[in-house]
Amino acid sequence: MTGENAGAERGNLPAPRDGEQLRLREVTPARVLLGRAGLGYRTATQLRLRADHAAARDALSVRIDLDDPALAPLSRSLDILEVATRADSLATHLARPDLGRLLSDESVERIRSGCAPDMDLQILVGDGLSPQAVITQVPLLLPLLIAGAEARGLSVGRILFVRHCRVGVLNDIGEVLAPRAVVLLVGERPGLATAESLSAYLAWQPRSGHTDADRNLISNIHVDGVGISDAVTRILDFLGEFRLRDRSGFTIKEPARPGTGRTVQER
Amino acid sequence: MTFRTTLRGETFVFADLRELFGRANEPKSGDQLAGVAARSERERVAAKIVLADVSLGEILDNPMIEDDVTELIDRDRDVELGTTIRGLTVGELREMILAPDFVGMWADGMSRAITPDIAAAVTKIMGARDLVSASAPLRVTTSLRNTMGETGTFGVRIQPNHPTDDIAGVTLSVLDGLLFGCGDAMIGLNPASDDVGTVIELQHALRAVVDRVGAPTQTCVLAHFTTQLAALGRGAPIDLLFQSIGGTEQTNRSFGVTLDALVEGREQVLEHHRTRGDFLGDNVMYFETGQGSALSAEAHGGLDQLACEARAYGVARSFDPFLVNSVVGFIGPEYLADSRQIMRAGLEDHFMGKLLGLPMGCDVCYTNHVDADQDTTDQLLILLAVAGCNFVMGVPGSDDVMLNYQSTSFHDAAGARELLGLRPAPEFEAWLESVGILSHGRLTDGAGSGTTSLPLLGAFPELGS
C-alpha cells in the first residue's frame, strides 16, 4: 500500500486532500473526488482499483462449509439441509447457469425424504456468486426472517442450502415441495466496494417456466446498503402482498418501496 | 434449405439459416451454452464462407423465428428499397458497406432496407477493423434537451448509482461527473428500489440538480417502465422513458414488457413533454440491450446471441429512441467469457446499431466473475470512441457501487475525448464553457475535482460540506 493511501478513512478511497472533501465523501461509498493526473487516475487510485479487483476475484473461489465456525451454530440449530444443483464445480457453475438452475437428482431425493412439503414459506440459502456474502449476512438475517414469518403465523419449511445455486432453482423447489412462497437468499456478484452483498429473490408458488418477471427482488443487503432488519421487514411485507394478490412478480409494486433496470444476479 | 461447402477437403453441412448463423459467429460462451456455436474453428470459418454467398433475398424471405418482434421488424422496413438489395450476397454487402459511397446510400434510407437479420449476417463476416471503420461515418443524431451524435461529439451518461438511493450521495456523484465535463448524454440513475415513491423522489432530485446548475441535459431513473409511468402519473418530471428490451417476444415478456405497452408509454411521455418546456426534440425513449439476454431468459428460440441482439435493435428503431445502450460486459462469463469476447461483442453491437440507424452507445464494462479487467475497458473504450460511438457511461472511479460491476469512469471518458479531439454535445459544451469547466474545449485546471471546483459543491448544502 502506498503511503498516500495508508491514511484513508474508507477502505476504497485514497486519502482526501482536506477535511472538507472528507465530509462530502461520507454521503456515498462511490469513488468520488478522486483528483486526477492529467486525465488519468492518481497513482494511489489506479493501484487501489487493482487491489480491490484482486480481492473481488479471489472472493469468488471461497467455498461455503456449513461446518465452518461462522456457519456451524446456525446450521446445527436450524438443521439446515445441504443440497446441490447440477453444476458440479465452480467452473461449471460460472459457465453453465442452466445447470445451476436445476437440482441434482440426488438432491431432489434428499429434499423429498428430508423436508415437509406444502409449507407457507420455504427459505433457501444459495452461494450464488459471492459465498462471502452468505457467510457474512445470512447468520444475521435468517433467524430474524424465520422469527418474523412465524410471528405472522406462517409455517416455515426446513431451511435448505443450495451449492452452486442460480436464482432459477426457485422453480425446481416449487415443483418438489409446492410451498406457497419461496425466499432465496443468494450471494450477488462481488463488487469492488464489497463482496458481501446479498440478494433476496421472492416468488409466489414458483413453477417450472417462471422467469424474473414472476419474481421480486431486494438487492444490496450489506453493511453500506440495505440493513438486515430493513431487509427482513421488506421481505415479510412482500410476502403479505403476494398472499393478498395471489401472485408475485413485476405487477406487485413494493408496499413500502423488484428489480432495477438491470438485474444484479443473472437468473 | 440445406447449406454446404467443402473446405480443404472437408465437407460441412448446415441444416438451415438459423444453424448457419449460429455456426458463423465469432466465439461466444453464450452460443456454446445454447448449443448453437461452431464445434470447431474449421466449421466456424466454413459457415462464414457459406454465409458470405447467401443472398439478402434468402434472408429476407426466411425469418428464423416467428413472433411479434418479427412482425414489427417486417412492418417497419423499407420494402421498396429492400428489393434493390435482394440480389446482393452477404459478402457483397460487406464490400458495399466498406466502400466510401455507402454512407450516402445509408443516409438516403438504406438503413431502413437493412433488417436485423441482414445486419447480423454481415457482422459475422467482418473483422474488428471493419467494424470500427464502417461505423465511423454512420452518424445518427437525435435530440431531446440537447443534441447527441453529431460528428466529433462523444457523449457521456453520468451514472450516479447509490446502494440505497441516498439523494445526497447521488447528487455528489452527479456533480463529480459534471466537473469532468460528463453528463451530456443524460444523468441516468439505476435505482436500487423499484418503488414508485422512491422513483418520484429521485426524478425530482435529479431534475433539481440539473436545473440548479443550468445544464442542458436529460435525466432518467431507470426503473421498470411501468414504474416510471406510474411516477409520471403522480407528477414526476420524466425526460426519457427507459426500458431494457430483447430481441424476441419471449425475452421482452421476461422483462415484463409488451410492444403495445411501450408504444402507449411513449405516447404518454410525448404528451407530458407538451406540458413542459425546453425540449428541442421528441426522441423520448432510452433502451438498454445486451448479447445473451434472450438466452438468459431461455427465450432465444435457437437463435445465436448476435442475431437476437440485432433483433432488439429492430425493436428499438421503431421507437425513434434518443439513445440505445448495449451493456456489453454486464451479463457475465456464461455469455461473454472474457476480455476478447467482450471487446468483439462491443464492436459488433455498435456497428449493427449504427447500420440499422440507431443512436448507439455502449456501456463498456465487466463484472468481477469474468476474465477481464480495467485494461479491457480501456481498450474497448478507445476503439469505440474511434468508431464514433454516441455515448459511454461515466461512473465515479469506474466502480458502480450499486450494480457491482466496473464500467468506464469520468476520467476514462474525459481522457478519451481529449486523446481523440472529441467534444461534448454542442449545447452542453457551451454550458461547460460558461461555468468554467471547459475553456476553449479543454478541461480547466480546476475541473475534475480539483480545489477550485469546491465552490460549486458548496452550493449544495445538503451534501454536508
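The values are calculated or read from the model by the stated rules, or taken from the named source; none is laboratory data. Remember, it's a predicted structure, so these values are computed and weren't measured experimentally. Because the Cβ atoms are built from the backbone with ideal geometry, glycine has one as well, and the counts that use them run over all protein chains shown. Ligands, DNA and RNA are stripped out before the accessible areas are found, and what is left, the full protein with its side chains, is counted by its heavy atoms. Shrake-Rupley method; radii C 1.70, N 1.55, O 1.52, S 1.80 Å.
The residues of the range B:161-186 occluded by other protein chains by 30 Å² or more of accessible area, set against the chain on its own, are B:HIS162, B:PRO163, B:THR164, B:LEU172, B:ASP176; surface from heavy atoms, 1.4 Å probe. With all projection directions averaged, the alpha carbon convex hull of the range A:19-59 covers 3.6 nm².
For the range A:198-260, compute Rh as the Kirkwood radius over C-alpha pairs and then the Stokes-Einstein diffusion coefficient at 20 °C and 1.002 mPa s; write the answer in µm²/s, rounded to an integer.
Result for D is 180 µm²/s.
How about B:LYS28: which lysines have a C-alpha closer than 25 Å to its C-alpha, ignoring those fewer than 8 places off in the same chain? Straight-line reach from B:LYS28, under 25 Å: B:LYS48, B:LYS124, B:LYS354. The mean number of Cβ atoms from other chains found within 10 Å of a Cβ in peptide B:402-415 is 6, as a whole number.
Normalising the Debye intensity of the range B:117-162 to I(0), with uniform scatterers on Cα atoms only, and taking log10 at q = 0.15, 0.16, 0.27 Å⁻¹ returns -0.62, -0.68, -0.98. Accessible surface area normalised per residue over chain A is 38 Å², counting heavy atoms of protein chains with a 1.4 Å rolling probe.
For the protein assembly as shown, a crude dipole built from +1 on the beta carbon of Lys and Arg and -1 on the beta carbon of Asp and Glu, taken about the Cα centre, is about 500 debye to the nearest 20. With the Kirkwood sum run over all distinct C-alpha pairs, chain B has a hydrodynamic radius of 22.4 Å. The charge dipole of the range B:3-135, taken about its Cα centre with unit charges on the Cβ atoms of Lys, Arg (+1), Asp and Glu (-1) only, comes to about 680 debye. Taking 0.890 mPa s as the viscosity and 25 °C as the temperature, the Stokes-Einstein diffusion coefficient of the range A:37-99 based on its alpha-carbon Kirkwood radius rounds to 160 µm²/s. Counting Cα-Cα pairs of the range B:353-408 in 5 Å increments starting at 0 gives whole-percent bin shares of 4, 19, 28, 21, 16, 9, 2.
Equivalent ellipsoid of the protein assembly as shown: semi-axes from √(5λ) of the C-alpha gyration tensor, largest first, are 38, 34, 24 Å. Each semi-axis of the equivalent ellipsoid for the range B:207-280 is √(5λ) with λ an eigenvalue of the Cα gyration tensor; in descending order they amount to 26, 13, 11 Å. Evaluating 6.51 cos²θ - 1.76 cosθ + 1.60 at θ = phi - 60° for every residue in the range B:34-39, the Karplus couplings come out as 7, x, 10, 6, 4, 8 Hz, glycine and proline recorded as x. Surface composition of the protein assembly as shown: carbon plus sulfur atoms hold 49% of the accessible area, using a 1.4 angstrom probe and ignoring ligands, DNA and RNA.
3J(HN,Hα) along the range B:232-244: 4, x, 9, x, 6, x, 10, 8, 10, 9, 8, 7, 6 Hz, from the Karplus curve 6.51 cos²θ - 1.76 cosθ + 1.60 with θ = phi - 60°, whole Hz, x for Gly and Pro. Compute the acute angle (0 to 90°) between the alpha-carbon long axis of helix B:41-52 and the principal axis of greatest extent of the alpha-carbon atoms of chain B; round to the nearest 10°. For helix B:41-52, the angle is close to 90 degrees.
Expressed as a fraction of 2.2 N^0.38 Å, the value expected for a compact globular protein of N residues, the C-alpha radius of gyration of the range A:124-267 is 0.94.
From zero outward in steps of 5 Å, how is the percent of C-alpha pairs of the range B:257-384 spread across the bins? Calculated over all Cα pairs of the range B:257-384, the distribution is 2, 10, 19, 19, 18, 13, 9, 6, 3, 0 percent.
Taking all protein chains into account, the per residue accessible area for chain B stands at 31 Å² (1.4 Å probe).
Taken over chain A, the alpha-carbon convex hull comes to 147 cubic angstrom per residue. Which log10 I(q)/I(0) values does the range B:14-140 give at q = 0.14 Å⁻¹ under the Debye formula, counting every alpha carbon as one identical point scatterer? Debye intensities relative to I(0), on a log10 scale: -0.64. The interface between chain B and chain A buries about 5700 Å² of solvent-accessible area in total (1.4 Å probe, ligands and nucleic acids excluded). For the range B:262-323, what D do you get in µm² per second when you plug the Kirkwood radius from alpha-carbon pairs into Stokes-Einstein at 20 °C and 1.002 mPa s? Taking Rh from Cα pairs, D becomes 161 µm²/s. Positive-end ranking of B:LEU358, B:LEU56, A:ILE80 along the dipole of the protein assembly as shown, with charges on Cβ about the Cα centre, is headed by A:ILE80.
The range A:110-170: percent of C-alpha pairs farther apart than 20 Å? Tail of P(r) above 20 Å: 32 percent of Cα pairs.
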